[in-house]
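No lab work stands behind these numbers, since they all come straight from the coordinates. Bear in mind that the values here come from a model prediction, so they are computed numbers and not experimental data. Cβ sites come from the backbone with ideal geometry, for glycine too, and all protein chains shown count toward neighbours.
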Amino acid sequence: MINMRRQRGMSFVSAMVVVFIAVIFVKAAITLVPMYWQNQMLTTIINKMYESGEIKSDTRPNQLKKLLEERLSKNDIQMAFDELTIHVGNRGLILDWPYEQRGTLFGNIDLVVRFQQHKDFTQ
């Protein structure tokens with residue numbers, strides 16, 4: 001007959017598996033939260049540029065890009081402008097910016113997050 005009093009709790013191996021999974025989740029959170037925070041900051045900067053009225057119907061795309069670079073620099077955000085496209089629409093500028101951010105999880109295992117910024121600067 002099996003004595004049920006001796007079978008309490010988790011084994012050492014089970015506890016180590018739980019700890020390992022918890023470490024992976026904590027490391028993923030530490031890697032992902034700054035990426036989403038930076039995307040939120042970028043969204044706020046773009047929205048404030050729109051609300052401030054600095055971007056008018058006669059603003060050129062390179063002026064918008066320069067203003068965006070200055071704002072990002074002031075907020076200590078480093079972004080690659082490779083995929084940034086600014087089109088001249090019917091009544092103003094249209095910003096499309098698909099980009100991705102990478103963060104190392106462990107060794108050569110990366111977490112990749114893709115974001116898409118779109119803003120219509122029409123008045």
Inset, instruction - Please work out the C-alpha center-to-center distance from the stretch 46-123 to the stretch 7-27 and express it in whole Å. - result: 42
Inset, instruction - Quote the charge dipole size of the stretch 34-122 about the Cα centre in Debye, to the nearest 20; the model charges only the Cβ of Lys and Arg (+1) and of Asp and Glu (-1). - result: 200
Legend entry - Average projection area in nm² (convex hull over Cα atoms of the stretch 33-76, one quarter of hull surface): 3.1
Inset, instruction - Pop out the ³J(HN,Hα) list for the stretch 105-118 in order, Karplus 6.51 cos²θ - 1.76 cosθ + 1.60 with θ = phi - 60°, rounded to Hz; leave Gly and Pro as x. - result: 8, 8, x, 9, 9, 10, 9, 10, 10, 9, 10, 9, 9, 9
Inset, instruction - Would you pull out the residues with amide H under 5 Å of residue 117's amide H, same chain only if 5 or more places away, H placed 1.01 Å from N? - result: 97, 99
Inset, instruction - Place +1 on the Cβ of every Lys and Arg and -1 on the Cβ of every Asp and Glu in the chain, take the dipole about the Cα centre, and give the residue among 77, 28, 103 whose Cα lies farthest towards its positive end. - result: 28
Legend entry - Where Rh is the Kirkwood radius over Cα pairs, Rg/Rh for the chain: 1.31
Inset, instruction - Please give the helix 12-52 orientation as an angle from the longest Cα principal axis of the chain, in degrees from 0 to 90, rounded to the nearest 10. - result: 10
Legend entry - Residue among 38, 68, 93 farthest towards the positive dipole end of the stretch 34-122, charges placed on Cβ: 93
Legend entry - Relative contact order (%) - criterion: Cα under 8 Å, at least six apart; region: the chain: 24
